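Worksheet: the structure to be examined is printed underneath.
The values are calculated or read from the model by the stated rules, or taken from the named source; none is laboratory data. This is a predicted model, so every value here is computed, not measured. We place every Cβ from the backbone using ideal geometry, glycine too, and count neighbours over all the protein chains shown.
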Amino acid sequence: MIGCPLASWVADTRGRKFALMVNAAFGVVGAVLMGFSKMSTSLAMLIIGRFLIGINCGFATTASPTYVSEIAPIRLRGAFGTVNQLAVALGLTLGQVLGIDVILGSDEGWPWLLGLAIVPSTIQFFMLILAPESPRYLLLVQRDEEQTRKVLSNLRGTSDINDEIKDMHDEDHAEKQEQKFSIADLIRIKFLRTPMIIGIVMHLSQQLGGINAVLYYSSSIFIKTGLSDGDARLASIGVGSMLFIMALVSIPLMDRLGRRTLQLVGLGGMTVFSVLMTIAFFTYENNTTMSIFAVIFTLLYVGFFGVGPSSIPWMILSELFSQGARSAAVSVGALVNWLANFIVGLTFIPLSDALGNFVFLPFTVLLIFFFAFTYFKLPETKNRTIEEVTAIFKK
């Protein structure tokens, strides 16, 4: 939650690429502190390392979607936007596999498990050295059209970029006709408030639909349905694998079917299978085969999450706002996302104790609301320029 607004400020003042390099530095330092905390017998090192990794996550979820959205061609913007969640799903699956007792999930192995965070951060840092700055940032903030043309030509593989340059100039001209926007303006001004509310609800739908209750506590959930400890761990790995597979499947679908359609399909499927999960949890004691169905329904619930709600909230704000308000809007969305994530992680166990087998019913009610909101409020952004999308909210 600290990393999100900090990333927004760095991305706007020093550039998207620089913000991601700072993010990588936080990841390296945090991983080193966590990895050596046991050897140093220092709880403080572990806590500080976790704190820095938290900032790292805030930076990643704010700067990455903005950067990807601004370098992607319009026709592939949706597919590029899913890559962020694809990487998250891959990391989750690898973490679950490496966290098995016989690998690194032991008293001797956990420092290595935490320290492995240095690998993606180091790779990111050195790859960013070769990566270009966002062409939109170069043109609209640094006013360097020559460098913008050079970067854009390299990214598109062609020198025929005049239309895209013109679109960015049109966006810049439109912004100059308006006042500068602060985070407070995102709520105060109607044509900014509407897309901001849409973005916030999209982020809430990702977290308050219950997905992280499944991801965080899948082993405990499966054990409660009668699975052995070993089988529950394998089923949990299946959860991460399903998320990765469906995130992969959603890449070609994002620009073919559109964000709105996939979000509705995902939320609708999650609603259905959250109800079926509740039925399976409630009846397994009288029918042991329901333990198997509980796993199947949970995997399908996660699969529908991977279709749209896993990635669309992270990309949608970058597509609803113009250059001047984009970083602030993305940071607010990411902040809301992490806050909702924290609330679900903190309250799921007490909620489970209070509601027992009906623990997913509150999530089902919220999923119904999110489906209805998406149906009535979310515009389709597929194959539309930023200018065309923002014009919708100015009517």
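Side notes on the structure shown:
- Residue match in the stretch 289-297 (condition: more than 20 Å from the chain's Cα centre (by Cα) and over 24 Å from ILE349 (Cα atoms)): yes
- If you check SER318, SER310, SER331, SER327 for being within 30 Å of TYR137 (Cβ to Cβ) and either in a loop (DSSP other than H, G, I, E, B) or not assigned by the TED database to the domain that holds SER220 (or both), only one passes: SER310.
- Residue in the stretch 307-321 that is hydrophobic (A, V, I, L, M, F, W, C), buried (at least 19 other Cβ atoms within 10 Å of the Cβ) and farther than 20 Å from GLN206 by Cβ present: no
- In the stretch 44-90, the residue that is farthest from ARG156 (Cα to Cα) out of those that are polar (S, T, N, Q) and over 13 Å from the mean Cα position of the chain (by Cα) is ASN56.
- Conditions (1) over 24 Å from VAL302 (Cα atoms); (2) touching a residue at least 40 places away in the same chain (Cβ under 8 Å); number of the one not met by VAL97: (1)
- Any chance LEU351 is part of a helix (DSSP H, G or I), farther than 30 Å from ASN383 by Cα, modelled with pLDDT of 90 or more and not β-branched (Val, Ile, Thr): yes
- GLN85 meets the conditions (1) assigned to a loop (DSSP other than H, G, I, E, B); (2) of a type outside the set (D, E, K, R); (3) farther than 17 Å from ARG233 by Cα in every case but one. The failed one is (1).
- PHE244 meets each of the listed conditions (1) surrounded by 24 or more Cβ atoms within 10 Å (Cβ to Cβ); (2) touching a Leu at 6+ places or on another chain (Cβ under 8 Å); (3) farther than 30 Å from LYS190 by Cβ apart from (1).
- Every test in (1) surrounded by fewer than 16 Cβ atoms within 10 Å (Cβ to Cβ); (2) more than 17 Å from the chain's Cα centre (by Cα); (3) modelled with pLDDT of 85 or more is passed by VAL249 save one, and that test is (2).
- Among the candidates ALA391, ALA354, ALA329, residue that is surrounded by fewer than 21 Cβ atoms within 10 Å (Cβ to Cβ), under 22 Å from ARG193 (Cα atoms) and either aliphatic (A, V, I, L, M) or more than 22 Å from the chain's Cα centre (by Cα) (or both): ALA391
- Enumeration of residues in the stretch 260-307 that are among the hydroxyl-bearing types (Ser, Thr, Tyr) and either more than 20 Å from ALA232 (Cα to Cα) or in a helix (DSSP H, G or I) (or both): THR261, THR271, SER274, THR278, THR283, SER291, THR298, TYR301
- Scanning the stretch 15-42 for residues that are small (Gly, Ala, Ser) and in a helix (DSSP H, G or I) turns up ALA19, ALA24, ALA25, GLY27, GLY30, ALA31, GLY35.
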